[in-house]
Amino acid sequence: MNKYKKYTLFCILGATLFASCDVMDTSPKTTFDDVVVWGSKTSIDGFILGTYPNVLGNYTAIADWESRTPNGVYNDAAGDPTGAVETETKITSGSDFGFDKFSLLRRCNLIIENVAKSEINDSEKKELIAEGHFLRGLVFFAQARTIGRFVPITKVLSKDDTEEFKTLMTKDVAESYSYVIADLQKAALEMSEKKMAGRANRFTALAYLSRAALQAYAYTKDDQYLTISKNAAEEVINKGGYTLSQDYKNMFLEPGANDAEIILARYYLDQ
């Protein structure tokens, strides 16, 4: 009897596996090649806008950062309902702690390199390359703030780039911020000034440049960062066309989605 039970269980398991193959086989049979993706301004915009959610996601869930440190101070965002806060004793080989940004950096590097090789006009090309630098600068900034040092991948790697795969981490926080500032300065110089809800512009880059430079000064005490921060902030204030909101609460509700104080927002559907 036990033999038949095992045999029946095996058959059910096998049928389930075969059924699962059909259900899970939802990947596209074809892919978009480089000519399609980088062949027009519209498709390039689609790729760039598709990169925003993951980049901005690094700036929308920061309450649990303390759980990345040995302090491990308990907070609800740390996701530990037991109240056991010895975070450092729970680190495993699968722990991320901010390092795993390589696929996101690859998207940014693809934007920078492939837009440069595209056939769109030079003015659009310049602005979109700068936007790629803006997105990469934000990834580096997120890494600098959370882990201090990171592996600065600044080109699209192929399987043959054996030496680049050995790229070392930045030697210190000062070097980390040099990558952040360089990308944001490039973006602040050449991005479009056109304002679109949910998409960055040159003044967005200036605002982040000011913020990043101020934090760079806090770590390095290099006075150049104070100058960079001050000049960038003044340009946003004097030329950006942004003004403080008369209804602060409303900025976070649907009626205030286009409030004049918002420099960059991540929007969610109400349903």
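Values as computed for the structure displayed
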quantity	calculated
Meets criteria (assigned to a loop (DSSP other than H, G, I, E, B), under 16 Å from the mean Cα position of the chain (by Cα) and not small (G, A, S)) for I153	yes
Condition broken by F165, with the remaining ones in (1) in a helix (DSSP H, G or I); (2) at pLDDT 95 or above; (3) over 23 Å from R211 (Cβ atoms) satisfied	(2)
Selected residue [within 20 Å of F140 (Cα to Cα), open to solvent by 40 Å² or more (accessible area, probe 1.4 Å) and modelled with pLDDT of 65 or more] from T60, T69, T42, T51	T60
Condition broken by V115, with the remaining ones in (1) closer than 21 Å to L56 by Cα; (2) open to solvent by less than 10 Å² (accessible area, probe 1.4 Å) satisfied	(1)
Hits in region 116-136 (condition: of a type in the set (A, V, I, L, M) and free of Cβ contacts under 8 Å to residues at least 60 places away in the same chain)	A116
Any hit, region 256-265, residues being exposed (fewer than 12 other Cβ atoms within 10 Å of the Cβ), in contact with a Phe, Trp or Tyr (Cβ under 9 Å, 6 or more places away or on another chain), part of a loop (DSSP other than H, G, I, E, B) and of a type outside the set (A, V, I, L, M, F, W, C)	no
Some residue of region 170-177 being farther than 20 Å from Y59 by Cβ, more than 23 Å from the chain's Cα centre (by Cα) and among the β-branched types (V, I, T)	no
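The values are calculated or read from the model by the stated rules, or taken from the named source; none is laboratory data. Bear in mind that the values here come from a model prediction, so they are computed numbers and not experimental data. No Cβ is skipped: glycine too gets one built from the backbone with ideal geometry, and neighbour counts run over all protein chains shown. What goes into the accessible areas is simple: the full protein's heavy atoms, side chains included, and nothing from ligands, DNA or RNA. Shrake-Rupley method; radii C 1.70, N 1.55, O 1.52, S 1.80 Å.
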